[in-house]
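K.L.:
Please see the structure below; I have some questions.
The values are calculated or read from the model by the stated rules, or taken from the named source; none is laboratory data. All values derive from a computational prediction rather than experimental measurement. Note that we place each Cβ from the backbone using ideal geometry, even for glycine, and neighbour counts take in every protein chain shown. SASA here: full protein model, heavy atoms, side chains in, ligands and nucleic acids out. Shrake-Rupley method; radii C 1.70, N 1.55, O 1.52, S 1.80 Å.
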Amino acid sequence: TGVPRCGASLHEPNKALRIELNANANCTWQIQRNANQTIRLIFSHFKFAPSSSCETESIKVFDGPSIASPLLGQVCDDTDAVPVLESSSDSLTFLITTNSVAFTRNFFVYYYFFSPGSRTENCGGELTGPNGTFSSPNYPAPYPEFRYCVWHIQAPKNSKINLQFQDFFLELDRNCQLDFTAVYDGPTTNSGLLGKVCGRAQPTFESSSNVMTVVLSTDDTSSYRGFSAQYSSVPLPGPMEPNTTLTCSSDSMKIVLSKSYLASLGFSEDHLQLNDPSCRPVVTDPVIFSFPLASCGTIKKDEGHSITYTNSISLAPAGSVITRHRNTEIVAECRMKNNETLEVIYSTTNNGIQKLAARGRYNVSMAFYESDLFSKPIQYSPYYVDLNQTLFAEVTLHSTDPNLQVFIDTCTASPQPDFGSLTYDLIRSGCNKDDTVVTYPAFENHGRFKFRAFRFLQSFPSVYLQCDVVICDSNNTDSRCARGCISRQKRAISPYMWKTNAVVGPIRLKRDLRAAEHSDSLTEAEAEKTPNLQQHNFYTLAFVVLISNILIVVAVILKHHKHQAGYSYQNVQSS
């Protein structure tokens with residue numbers, strides 16, 4: 001193995017590579033051999049820079065002799081699998097690129113040539129039925145080298161799978177890079193990875209549905225007796241009533257429980273309570289709990305890139321100190337994750353867990369204000385301003401949780417609504433890039449800043465402002481919000497709860513409005529097209545947060561006029 005240089009041309013029938021790369025790497029490995037065989041490439045361990053994205057740091061695998069060949073697959077920091085890729089011929093290429101973050105990346109990859117359909121490839125298979133057994137090739141004798149076996153398990157519908165390895169002995173190494181077994185929660189190896197195991201163990205796994213995939217991968221170094229496994233199926237709990245729902249917003253939580261569902265649990269709707277016993281439902285049919293998100297004993301949990309609010313409904317029979325009913329609890333959970341709100345409601349009983357899930361959204365808006373008191377928002381549109389006038393902007397998270405913090409991460413201006421090649425940074429990574437920008441300290445659920453109005457020098461009548469907004473738990477002293485201005489080299493280390501873009505506008509110059517109103521050369525038809533304040537009062541100032549690729553755009557429209565002294569920027573950055 002060893003540590004190869006940045007890229008290589010490989011011709012051996014099999015080889016293991018231990019790769020170590022630093023920042024700004026762009027390295028290509030080409031595997032090629034004159035053989036009527038295909039190549040299996042396994043990335044059994046990979047460690048990218050923390051929080052890196054596929055756009056800036058990845059492994060790309062190409063089905064042929066160069067990076068111009070068809071893309072076979074991509075591996076990134078968030079890849080939830082042990083990537084195994086196979087070529088269609090006797091050549092394959094992979095490219096590793098890294099971003100500018102100072103961090104040592106480590107990869108372990110090995111490949112070997114093989115003949116598809118040959119006897120040595122005859123392992124794995126399809127397993128159906130409520131239970132069954134399977135074992136590694138040659139068990140209990142040592143398993144063969146260079147094997148890749150896949151078992152697809154399918155139990156009856158409305159059940160989940162319990163998998164137990166009764167005997168397990170594979171080659172042991174720290175990251176299970178050499179010989180390993182991987183278990184996936186679904187029908188393929190693209191399903192979520194439940195775990196990767198090697199060495200001596202007796203691991204157990206449980207699926208969330210009636211399908212599971214098990215993989216055995218071996219290299220050519222050491223072989224042991226492998227494993228013997230058995231699986232069994234367990235019925236999933238039945239569905240909740242259709243009118244049993246949970247609705248989450250950044251303001252509140254609403255739980256709706258049908259009387260028939262409560263009756264099935266053996267409890268009366270008259271004796272229900274949340275974590276806070278003083279919080280009681282409105283008893284109709286259905287029974288409804290509706291309460292502010294951060295009240296009634298709701299428990300908030302910081303989970304890195306998401307924040308979870310959980311409350312429980314206790315179902316206790318009245319008028320007795322004992323019960324012969326099942327020990328039951330209904331748990332409602334709102335998970336505020338990046339770009340979405342995930343709602344889960346389930347009940348825990350002697351018979352298992354019942355779940356119901358839905359989707360929601362954060363409620364975020366952005367507006368201009370008349371002054372730094374931030375008491376009177378600009379209600380009309382367009383917002384006519386003078387060149388160099390100070391503009392006051394506020395982003396608001398509409399939430400009843402006082403411990404959420406709004407942080408202005410990045411604000412970029414562009415004369416084009418799609419933010420093409422011509423852009424100008426006001427704020428970048430929490431750092432003020434424009435001399436006129438002033439950001440205000442965090443205040444409740446608001447993020448505030450001010451800057452002076454400007455225009456682009458070229459003939460662009462409009463300016464759009466797009467701001468990246470980060471929402472954090474204010475009690476987390478290590479959050480992205482608490483870090484403030486972060487240089488590019490340190491950027492990927494701070495967690496945030498939620499991130500979106502926000503926009504407001506348009507803005508136009510007062511001088512252009514006055515010139516248009518007093519122009520004697522305009523024809524009647526042209527005058528009808530000329531914007532004036534009364535016409536634009538009918539425009540609606542709207543702020544929307546979208547679930548996928550959330551974008552709220554600040555449209556700042558400025559009429560082109562002759563170049564004058566003042567804030568006319570000549571340096572334009574690219575996005």
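K.L.:
Which three lengths, in whole Å and largest first, does the stretch 9-114 cover when its Cα atoms are put on their principal axes?
P.N.:
The Cα atoms of the stretch 9-114 stretch 41, 24, 24 Å along the principal axes, largest first.
K.L.:
Further question: Quick one: net charge around Asn106, please, counting Lys, Arg +1 and Asp, Glu -1 for every other residue with C-beta under 12 Å from its C-beta.
P.N.:
Taking every other residue near Asn106 into account, the sum is +3.
K.L.:
For Glu12 and Leu71, compute 0.36 nm times the residue count separating them, minus their Cα-Cα distance, and round to one decimal in nm.
P.N.:
Contour length minus Cα-Cα distance gives 19.0 nm.
K.L.:
Another question, if that's okay. Using label points projected 7 Å from each Cα along Cα→Cβ, tell me how many nm separate Cys485 and Val283, to one decimal.
P.N.:
For the pair Cys485/Val283, the computed spacing is 6.1 nm.
K.L.:
Using only alpha carbon pairs under 8 Å that are at least six residues apart, calculate the relative contact order of the stretch 125-235 and give it in whole percent.
P.N.:
With pairs under 8 Å counted, the relative contact order is 44 percent.
K.L.:
Charges at C-beta only: +1 for Lys and Arg, -1 for Asp and Glu. How large is the resulting dipole of the stretch 9-114 about its Cα centre, in Debye rounded to 20?
P.N.:
Using only the charged Cβ atoms, the result is roughly 300 debye.
K.L.:
For a distance above 21 Å, tell me the whole-number percent of Cα pairs in the stretch 43-171 that qualify.
P.N.:
Beyond 21 Å sits 58 percent of the P(r) for the stretch 43-171.
K.L.:
Could you work out how much longer the chain between Ser115 and Ile299 gets when fully extended? Use 0.36 nm per residue separation minus the Cα distance between them, nm to one decimal.
P.N.:
That pair, Ser115 and Ile299, stretches by 60.6 nm at full extension.
K.L.:
Applying 1/(1 + (r/R0)^6) with R0 = 60 Å to the Cβ-Cβ distance of Asn24 and Val234, what FRET efficiency is obtained, to the nearest 0.05?
P.N.:
After rounding to 0.05, the efficiency reads 0.75.
K.L.:
Can you list, bin by bin at 5 Å, the percent of alpha carbon pairs in the stretch 119-159, starting at 0?
P.N.:
Taking every Cα pair in the stretch 119-159, the percentages come to 6, 19, 26, 20, 13, 9, 5, 1.
K.L.:
Calculate, axis by axis, the spread of Cα positions in the stretch 402-456 along the three principal axes, and write the results as whole Å, longest axis first.
P.N.:
Principal extents (largest minus smallest coordinate, Cα): 38, 22, 17 Å.
K.L.:
At 1.4 Å probe radius, can you tell me the per residue accessible area of the stretch 27-162 in Å²?
P.N.:
Per residue, the stretch 27-162 has an accessible area of 45 Å².
K.L.:
Divide the volume of the convex hull of the Cα atoms of the stretch 17-66 by its number of residues and quote the answer in cubic angstrom per residue.
P.N.:
In the stretch 17-66, the Cα hull volume divided by residue count equals 106 Å³.
K.L.:
Excluding ligands and nucleic acids, what accessible area in Å² is computed for Leu72 using a 1.4 Å probe, to the nearest 10?
P.N.:
Roughly 60 Å² of Leu72 is accessible to a 1.4 Å probe.
K.L.:
Taking 1 over the mean of 1/r across every pair of different Cα atoms in the stretch 125-235, what Kirkwood radius in Å do you get?
P.N.:
Taking the inverse mean of 1/r over all distinct Cα pairs, the stretch 125-235 comes out at 13.8 Å.
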